[in-house]
1. Could you pull out the residue among Arg186, Arg219, Arg176 that is more than 30 Å from Val70 (Cα to Cα), without any contact (Cβ under 8 Å) to a residue 40 or more places away in the chain and within 17 Å of the chain's Cα centre (by Cα)?
2. Collect the residues in region 109-125 that are more than 20 Å from Asn63 (Cβ to Cβ) and of a type outside the set (A, V, I, L, M), keeping them in residue-number order.
3. From the set of residues in region 47-67 that are touching an Asp or Glu at 6+ places or on another chain (Cβ under 6 Å) and under 11 Å from Glu20 (Cβ atoms), which is surrounded by the most Cβ atoms within 10 Å (Cβ to Cβ)?
4. Quick one: in region 195-213, which of the residues that are assigned to a helix (DSSP H, G or I) and touching a residue at least 24 places away in the same chain (Cβ under 8 Å) is nearest to Ile145 (Cα to Cα)?
5. Name every residue in region 230-247 that is over 18 Å from Met318 (Cα atoms) and surrounded by fewer than 17 Cβ atoms within 10 Å (Cβ to Cβ), in order of residue number.
6. Looking only at region 112-140, filter to residues that are buried (at least 17 other Cβ atoms within 10 Å of the Cβ) and among the aromatic types (Phe, Trp, Tyr); which one of those is nearest to the chain's Cα centre (by Cα)?
7. Considering (1) exposed (fewer than 15 other Cβ atoms within 10 Å of the Cβ); (2) modelled with pLDDT under 95; (3) closer than 25 Å to Glu309 by Cα, say which one Asp210 fails and leave the rest.
8. Among the residues of region 93-115, which ones are in contact with a helix residue (DSSP H, G or I) (Cβ under 9 Å, 6 or more places away or on another chain) and either among the basic types (Lys, Arg) or at positive phi (or both)?
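The values are calculated or read from the model by the stated rules, or taken from the named source; none is laboratory data. These figures come from a predicted structure and were not determined experimentally. Here the Cβ positions follow ideal geometry from the backbone for every residue, glycine too, while neighbour counts run over all protein chains shown.
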Amino acid sequence: MKTFDTIHIVKGRKFLFKVESSQDLSDFIKYENLRFEIWGDPRDSLAGVRNLGVENYFHDGSNCLIGVYVEDDDGKFEEDEAHLVGFAYGYVGVKDKNLGFRDVENIIFYSQYVGVRKDYQNYKVGVLIKEFQKKVVWDLYGLAIITCTYDPLVGVNAYRNIHLLRMSVSEYCVSRYQGFEGNLNRADVPSDRLAILWDLREKGLPADYDLKKLVESHRFVVHAEFGDVAGKNGPLRTELATSANLDVDDVHLLIEVPFDFYKILQETDVPDESVRRIPLDWRMETRKAFQELLGRGYRVLDFNYLKTEERIRDFYIMKSPS
């Protein structure tokens, strides 16, 4: 069977991307360990090690595990837990449950996890994993559609999925995962997600708009203001969500999200309710904005950022149906 092993060099470091096809079930333990290191929520686990192995595409199932390994000090690739710095996990599913697997066009690949170890998150490994996954799903599975979900308030994922990979938003999902906690979630902030589709047959052309002009003309449905609060680790100057303006109407509209939502989640995890509810306000105001605009036929045209002298601002650019 065709090998998909690929080596990328980023910032002088070599990374091996490969599809896991081991016959040894113990080789699958490291993926769950890395997942826990990244997300840190014991109630949100991968399938059991036995299922990860037995249900693997190369055995009796349809799931796919991709591992990313960094070279060791001798320039070699040791495929062990110490050198595993990223992974992706997904499986075959269907779009229309009534149609099932009767039509090949109804079969899709669901990408459930993409994770990168914290000390390697500045090496563009996340984007490279998705591009590698695209090749595997197209060449190995023969499928044209990958779907996944992500938190709409996490700009780094939005930029990767929508701006770089040109995925399209299909649905806004309210409280998709109940009670998530850990390093990247808080149980008191609903786990809303955007469902997105990636058609591997399309190149995805750059969107046509002038973000600076849109910002200057104040085309906001939600935007950020700054406030000073007592954060978990000391004084914090942070972004606060404005109330959603649902009456605004134009060809292009903007939904601003905080530059680092994970930091806001962690730093506002304090007893003071006025501080603690800052990420909840972001969730509820952007939820109203997305639901309103998507319900009116707007689509997510792009996600992009604007650098100013003071900060970096992240925006969803929404386009009307007309």
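1. So the residue among Arg186, Arg219, Arg176 that is more than 30 Å from Val70 (Cα to Cα), without any contact (Cβ under 8 Å) to a residue 40 or more places away in the chain and within 17 Å of the chain's Cα centre (by Cα) is Arg176.
2. Passing the criteria: Arg117, Lys118, Asp119, Tyr120, Gln121, Asn122, Tyr123, Lys124.
3. Checking each candidate, the answer is Leu65.
4. Out of the qualifying residues, it is Leu211.
5. Ala230, Lys232, Asn233, Gly234, Pro235, Arg237, Leu240
6. Within region 112-140, the match that is nearest to the chain's Cα centre (by Cα) is Tyr113.
7. In the conditions (1) exposed (fewer than 15 other Cβ atoms within 10 Å of the Cβ); (2) modelled with pLDDT under 95; (3) closer than 25 Å to Glu309 by Cα, Asp210 misses (2) alone.
8. Within region 93-115, Lys95, Gly100 meet the criteria.
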